[in-house]
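Heads up, the thing below is written out as structure tokens.
The values are calculated or read from the model by the stated rules, or taken from the named source; none is laboratory data. Note that the structure is a prediction, hence the values are computed from the model and not measured. Please note: Cβ atoms are built from the backbone with ideal geometry, for glycine as well, and neighbour counts cover all protein chains shown.
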């Protein structure tokens, strides 16, 4: 029996038909099973969680059968309440399936603390630029002390108290200078 005769034989054609039917049944079963286990055609719209506290977020997502995970705290944003949601992923209005995790970025409770640099002996302009570049504000209530250098920094004050090298203050704090008045010989 030659190879071509075997391909034309009744036994081969029956086996081929059984194999094709088996593969088609397997594909249809697999497609049904995947649709069932992956909740095909199920859609839950992601709610707007911005400016919500974690308790409110938990309550809202629990009702929708969604989970959440806090992935980060961003830099403090005064437009949002402390420890509230600043960003979320997936975005508002996206469609997800149940048990999906919503990743949240929270607003910290306050600005981060920054070390006070050594500005003693620098000019007022140099010190102002340096403080602004690292996130502080420069106040207008400067105090002048007798010193040979005019407008040379001789100290720093925060809320009326003298501060120095190594102290930490929250970002955006207003710092006043203690400056030399240029009168001492």
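A few comments on the model shown:
- Strands (runs of 3 or more DSSP E) wholly inside the stretch 142-185 containing at least 3 residues that are under 38 Å from the mean Cα position of the chain (by Cα): 150-158, 161-163, 168-170, 174-181
Residue by residue, here is whether (1) outside the structural domain of residue 75 (by TED's automatic domain parsing); (2) touching a strand residue (DSSP E or B) at 6+ places or on another chain (Cβ under 8 Å); (3) under 16 Å from residue 120 (Cβ atoms) holds:
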site	(1), (2), (3)
139	yes, yes, no
142	yes, yes, yes
150	yes, yes, yes
158	yes, yes, yes
161	yes, no, no
167	yes, yes, yes
174	yes, yes, no
177	yes, yes, yes
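- Check on residue 61, touching a strand residue (DSSP E or B) at 6+ places or on another chain (Cβ under 8 Å), touching a residue at least 40 places away in the same chain (Cβ under 8 Å), under 30 Å from residue 168 (Cβ atoms) and outside the structural domain of residue 135 (by TED's automatic domain parsing): no
- Residues that are in contact with a helix residue (DSSP H, G or I) (Cβ under 6 Å, 6 or more places away or on another chain) and either modelled with pLDDT under 90 or outside any strand (DSSP E or B) (or both) within the stretch 64-84 are absent altogether.
- Checklist (1) free of Cβ contacts under 8 Å to residues at least 12 places away in the same chain; (2) more than 30 Å from residue 148 (Cβ to Cβ) applied to residue 97, failing item: (1)
- Assessment of the stretch 158-173 against the conditions (surrounded by 14 or more Cβ atoms within 10 Å (Cβ to Cβ) and over 30 Å from residue 74 (Cβ atoms)) yields no matching residue.
- Residues being in a strand (DSSP E or B) and loosely packed, with under 14 Cβ neighbours inside 10 Å - total across the stretch 45-63: 1
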